[in-house]
Amino acid sequence: MDRTTHRSAAVRDGLGVGLAVGLSGLAFGASAVTAGLSVPQACVLSLLAFTGASQFALTGAAGAGGDLVAASLGALLLGGRNTLYGLRLADLLRVRGPRRLLAAHGVIDETTAVALAQPTQEAARTGFVTTFAALYLTWNLTTLGGALGTSSLGDPGVLGLDAVGPAAFLAILWPRLAGSAELRGLAAGAAAVALCASPFLPPGVPVLLSATTVLVVLVR
Amino acid sequence: MTLWWAVVAVCAGCYALKLAGLAAPRRLLDHPRVRRFAELVPVALLAALIAVQVFTEQGRPAFDPARTAGLLAAVVALLLRAPFLVVLIAAAAVTALVRGVLG
């Protein structure tokens, strides 16, 4: 394949992933409003936080009437994986100054996956930019749509929207669990810790506490 | 802390975390411990979030048949390699259905 083919393949990947995943902004907008966020709050999160798992984590804990400080910390801990993506992408993207400030906003699961899957550096950059643009646009439009739709709908429990957040987490987690028995053990342990702690701690804190299970795996 | 403050803190923090990765010195990633920690923490957090959001209500362990069925539907969809959005729709639809049937 020559350079143009690589680049157009990267564009195709980026558009496909961006549009498909971006549609789940509908689910985020809906579950944010279900959790008690206003439509502007849901939209600001999608525009400025722009990282799905953290957004779902904050709204989920807020919906459970949880401690907002713990909920925010949980969201930020999840956002920490984007730091690692950034470390890996820095060499591929090689952006400086204002362009780096803009590119940073696009460092998330999907853009990293598409960029790292490309055969050349040029294609990787194209893949990153295309995924970022397509996903940013779709994710924000569908967040607005989902939030507006739900706020005019009445009781969202009827539509089963409270199951959307956990399903999204499971889908993000799935490829990692499928590949490793150790990670499955860690996930089961963390879930057990959070459930056992939940009667004794304010909502949001048990999830943070579950991160201590990582230390057990690291020390072993 | 009001909800708006939480939203602002999460937005600012998430952006800072992304930028930190692009701007950090390369050799940080050479630490196996750093890489390992970063691989493990999201797994623990996501699993805990699933457990808490499906199996607790108002901070107490609680069994909700509809949400549990929804989660199982998501598992089946994932086993069938369904795309992300289909997984979410399956979970919501089955939850709504079971809730409707059980009343």
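Just so you know, all these numbers are worked out from the coordinates, no wet-lab data involved. Predicted model, so just to flag it, every value in this text is computed and none were measured. Using ideal geometry, Cβ is built from the backbone for each residue, glycine included, and neighbour counts are taken over all protein chains shown.
Subtracting the Cα-Cα distance of A:Arg220 and A:Arg96 from 0.36 nm times their residue separation leaves 40.6 nm of extension gain. Each of B:Ala24 and B:Leu102 was given a label point 7 Å from its Cα along the Cα-to-Cβ line. The distance between the two points is 4.3 nm. Dividing the mean sequence gap of close Cα pairs (under 8 Å, 6+ apart) by how many residues chain A holds gives a relative contact order of 34 percent.
Quick check on chain B: helices-only [θ] at 222 nm, where DSSP H runs of length 4 and up contribute -39,500 (n - 2.57) each and the sum goes over total residues. Nearest 500, please. Write down the numbers at each step before the final one.
Numbers: 4 runs with 79 residues, N = 103.
Using -39500 (n - 2.57) per qualifying helix, the result is -26500 deg cm²/dmol.
In plain terms, if you count all Cα to Cα distances in region A:1-111 and split them into 10 Å steps from zero, the share in each step is 13, 36, 32, 14, 4, 0 percent. Take each residue in A:108-115, count the other chain C-beta atoms within 10 Å of its C-beta, and the mean is 1.
Per residue of A:138-147, other chain Cβ atoms within 10 Å of the residue Cβ number 0 on average.
Loop-only chymotrypsin sites (Phe, Trp or Tyr not before Pro) in region B:1-73, please: DSSP not H, G, I, E or B, and at most 12 other Cβ atoms within 10 Å. Write out the running numbers ahead of the final one.
Numbers: sites: B:Trp4, B:Trp5, B:Tyr15, B:Phe37, B:Phe55, B:Phe63; in loops: B:Phe63.
Counting only loop positions with at most 12 other Cβ atoms within 10 Å, the chymotrypsin sites (Phe, Trp or Tyr not before Pro) in region B:1-73 are B:Phe63.
Per residue of peptide A:64-73, the mean number of Cβ atoms on other chains within 10 Å of the residue Cβ is 4.
Over the Cα atoms of the protein assembly as shown, compute the convex hull volume and normalise it per residue, giving Å³.
Working: hull volume 41.4 nm³, N = 323.
In the protein assembly as shown, the Cα convex hull volume per residue is 128 Å³.
Using R0 = 25 Å, the C-beta based FRET efficiency linking A:Ala117 and B:Ala16 works out to 0.40. Helix A:181-197 and the longest principal axis of the C-alpha atoms of chain A enclose an angle of approximately 30°. Which whole-number percent gives the relative contact order of chain B, counting Cα pairs below 8 Å spaced six or more residues apart? Relative contact order comes out at 18 percent.
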